Structures are given as C-alpha cells and as structure tokens.
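The values are calculated or read from the model by the stated rules, or taken from the named source; none is laboratory data. All figures in this text were calculated on a predicted structure; none of them were measured in a lab. Don't worry about glycine lacking a Cβ; one is built from the backbone with ideal geometry, like all the others, and counts go over all protein chains shown. The protein model used for the area step is the full one, side chains on, heavy atoms only, and it has no ligands, DNA or RNA in it. Shrake-Rupley method; radii C 1.70, N 1.55, O 1.52, S 1.80 Å.
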Amino acid sequence: MTAKPILLVTRKFPDAVLERAARDYDARINQADEVYGPDELIARAAGCDAILTCSTETYSAEVLERLPASVRAVATFSVGIEHFDIEAARKRGLVVTNTPDVLTDSTADITMLVLLGAARRAYEGQRMLRENQWVGWNPNQLLGVHVSGKKLGILGMGRIGRAVARRARGFDMTIHYHNRGRLDPELEQGATYHADPEDLLGEAEFLSINCPASPEMHHFLDARRIELLPERAIVTNTARGPLVDDEALIAALESGRVAAAGLDVFEGEPNIHPGYRDLPNAFLLPHMGSATLETRNAMGFKCLDNLDAFFAGREPPDRVA
Ligand code: DGY
C-alpha cells in the first residue's frame, strides 16, 4: 500500500471536510484553529506534500521561497486569491487551486441582505427593539430608501456580480455594470455596460462592489469617486475591503452624502476601521458571504477534489497557478 500524501490543514474546516481529508490524506489538522503566522506555517509545512489553506494565511513571495520543497500543491478554501503572490508561486512551480462557483449563490444572497439591510435601516430597527426603545408604530419611523425600480450599478460582473443581478431583477432594479470586458448578450441579460467604471458610478443609485481586489483597484471607491455617485446613494461591498477607502466612505456616511452602506468585508479585517462601529447607517457583517454549511462543505470538497486530481496526476480543475 502506498503512503497517503501528507496534508497540512491550516484551519478547522467543517467536520465533513476534515473527515474526508483525514480519510484520504495523512492530514495534520490545526485542531486549535489558531491562525498560523508565516514562521509557524513554514515550520508546520515541514515534510508535507500539500496544504489545505484559506485567506487567513498569506503566501507572499518570501513565504513561498521559504516553504519546504516537499510542498507541491496548495488548495485555498476561497475564491479570492489575493493572499497569494501568484507569480512567485508559478516561478516556484507550486500548484495553487481555489474554489470558484460553489460560493456564488451564498455571496449573492448576502449582497442582497446587506443591500436591503442598509436601504431599510435594519440595524437601527434591530437596535430599537433589542434596547427596548420602541414606543410603537409611527408614520415617520425609520424611513429608508426604496429599492424597487432603482438603478443598481454592479462593479465586477463575474459569477457573483451576475448572480447579484439575477436577484436584483427580482426586486425590479435596473442593472448597470462595469467589467474588464463587456459580457455576451446572454450573460448581460439587458444590463447596461459602462466601459469606464466612473461612468457606472454616475448611474449607481445603489452600488454593489463585486470585483476582485487587484492592486489597481486598491481604494477604488475613494472621496473623489464617491462624489460621482448620485446624492444619497447606497453602497454595498461583499468582495474585499481594500476596494474601499474607509476614511472616505465613513465621512460620506457621516455627512449623508452616501445614505447607507452594507458591508460584509473590511480592510484589515477583523480590525475594522473604528469609525464604522457607531454609524447607524452602516449595516455591518463579519465576512459571512460564503457562510452556509452547504457552501463551506462544497468549498472544502472542491479543495479536496483539486488535491485528489493533483495526486492522481491529473490537471486540477480549479488551478490558478
Ligand atoms: C472567498 O472565498 O474568497 C471568501 O471571501 C472567503 O474568504
């Protein structure tokens, strides 16, 4: 019997994922679920053939250089790959895979949740009830922003952006979008394309950020671009925190220039900008886009499918390096 490949599992992923990993690999599971810093990651990877990881660990060029030579493949439990220096991984000959598709629906669902939560002042309503401040129905109480019939600007019309568009059409929203390239008509589904993302902002009564966090898009939504949005627009971000300049968005929420924001992701998370905490018009979630058991299991199984393919000598289906 040939020995099973040795797999470092850097987090305590859902039970079904860990069970399958332990069945098919000599799995070294981080049962304590403490986040490994670079030195610990490198030390724990000694003698391992592969790593099952996620976005809480960073694979910079320096980390990749120091990673033991025995490690030939890394499967990340995420669709986002900004925690990898992909070029450095390629140079080192490391196979890297991610988890597209399986989290599309849950992330689009959470986008609608934060969009509606922000527009309809859900946080303030919750707080009123929980703090026993509700004195009864009132015709002017917590009046929000109407959603139906509004224009939704989607920045990044990949799988998740398109799934957001499908849901938003159910709310009678009109879809505008920017993407690196214009989509084919069957994917566009009547949405209006803006080749220049700044033109999209001018239309976006609601703005949904759904693009990857590339270096060129760092702080895309800054003070100048916020001024391009319609007065009292609503902003949602379920992609990555660094796409937004927090100082600028917080100032716009404080002044009312932006009516409300629904945010599931933050720069520097979990240490979010403290300015968000006291803003009643910020509807905040702790990076929950893919957080359903079905989705998280599917993400883990996809990682293992990719590793299985790699160790069987086949091309991993979700290879990004
Ligand atoms: C992803 O898959 O990229 C999610 O944001 C979880 O990190």
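What to note about this one:
- Of the GluC sites (Glu not before Pro) in the range 207-236, the ones in a loop by DSSP (not H, G, I, E or B) with at most 10 other beta carbons within 10 Å are 231.
- All other residues whose Cβ lies under 13 angstrom from that of residue 104 are scored, Lys and Arg at +1 and Asp and Glu at -1, for a net of +1.
- Rounded if a/c under 1.5, otherwise prolate or oblate - the range 12-111, Cα gyration tensor axes: oblate
- Cα-based helix-to-principal-axis angle, 159-169 vs the chain, degrees rounded to 10: 30 degrees
- 3J(HN,Hα) along the range 32-39: 6, 6, 8, 5, 7, x, x, 5 Hz, from the Karplus curve 6.51 cos²θ - 1.76 cosθ + 1.60 with θ = phi - 60°, whole Hz, x for Gly and Pro.
- Under 12 Å, Cβ to Cβ, from residue 224 - net charge with Lys/Arg +1 and Asp/Glu -1: -3
- Overall form of the range 116-264 per C-alpha gyration tensor (a/c, 1.5; a/b vs b/c): prolate
- Each peptide in 204-215, 234-245 was scored by the mean count of other Cβ atoms within 10 Å over its residues; highest first, the order is 234-245, 204-215.
- In a simple Cβ point-charge model (Lys, Arg +1; Asp, Glu -1; nothing else charged), the chain has a dipole of about 600 debye relative to its Cα centre.
- Phi-based couplings in Hz for the range 259-266 (Karplus 6.51, -1.76, 1.60; Gly and Pro marked x): 5, 6, 9, x, 10, 10, 9, 8
- For residue 29, the residues whose modelled amide H falls within less than 5 Å of its own, excluding neighbours fewer than 5 places apart on the same chain, are 9.
- Using the Cβ-Cβ distance between residue 65 and residue 320 with R0 set to 25 Å, the FRET efficiency from 1/(1 + (r/R0)^6) comes to roughly 0.85.
- Between residue 172 and residue 292, the contour length at 0.36 nm per residue exceeds the Cα-Cα span by 40.6 nm.
- Accessible-area composition of the chain, carbon plus sulfur, in percent [1.4 Å probe]: 51 percent
- Solvent exposure of the chain as accessible area per residue, Å², 1.4 Å probe: 48 Å²
- Only one residue of 104, 155, 135 has its Cα farthest out toward the positive end of the dipole of the range 104-284, where Lys and Arg carry +1 and Asp and Glu -1 on Cβ, and that residue is 135.
- Local net charge near residue 157, Cβ-Cβ under 12 Å (Lys/Arg +1, Asp/Glu -1): +3
- The distance linking the range 154-205 with the range 245-305 is 21 Å (Cα centroid to Cα centroid, whole angstrom).
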